Amino acid sequence: MDENTIRLLIRVLLQKRRLPSASAAKVSGSPASGEVCAACAMIITDKQLVMDVVPRTAKGKEPIQFHVLCFELWNDERRKPRERIA
């Protein structure tokens with residue numbers, strides 16, 4: 001999936017509040033083992049890194065998992081003013 005498509009998906013997910021717009025309280029990366037990316041819904045293969053993100057508003061919830069690129073795009077998109085996300 002290309003970067004522009006992923007960026008559009010992330011905008012929709014942010015707008016529908018399926019991805020948080022809050023900053024991350026904790027971010028870590030580790031080798032993946034078949035997790036599903038919260039942004040693109042594709043499997044993160046064992047040859048990739050998975051980014052585990054705990055948003056500031058996610059008290060007691062499991063981390064959100066992203067591909068590295070999807071994490072970077074989410075982090076960029078969530079910072080944009082709301083009128084640009086819509």
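So which residues in the range 42-60 are of a type in the set (A, V, I, L, M, F, W, C), touching a residue at least 24 places away in the same chain (Cβ under 8 Å) and open to solvent by 60 Å² or more (accessible area, probe 1.4 Å), if there are any at all?
Met42
Could you list all residues from the range 61-85 that are part of a loop (DSSP other than H, G, I, E, B), at pLDDT below 95 and either within 9 Å of the chain's Cα centre (by Cα) or surrounded by 14 or more Cβ atoms within 10 Å (Cβ to Cβ) (or both)?
Result: Pro63, single match.
Which residues, taken from the range 9-57, are hydroxyl-bearing (Ser, Thr, Tyr) and either outside any loop (DSSP other than H, G, I, E, B) or more than 19 Å from Arg79 (Cα to Cα) (or both)?
Correct list: Ser28, Ser30, Ser33, Thr45.
The values are calculated or read from the model by the stated rules, or taken from the named source; none is laboratory data. Since the model is a prediction, treat every value here as computed from it, not as a measurement. So basically every Cβ, Gly included, is an ideal-geometry build from the backbone, and we count neighbours across all protein chains shown. Areas reflect the complete protein model, heavy atoms only, side chains present, ligands, DNA and RNA absent. Shrake-Rupley method; radii C 1.70, N 1.55, O 1.52, S 1.80 Å.
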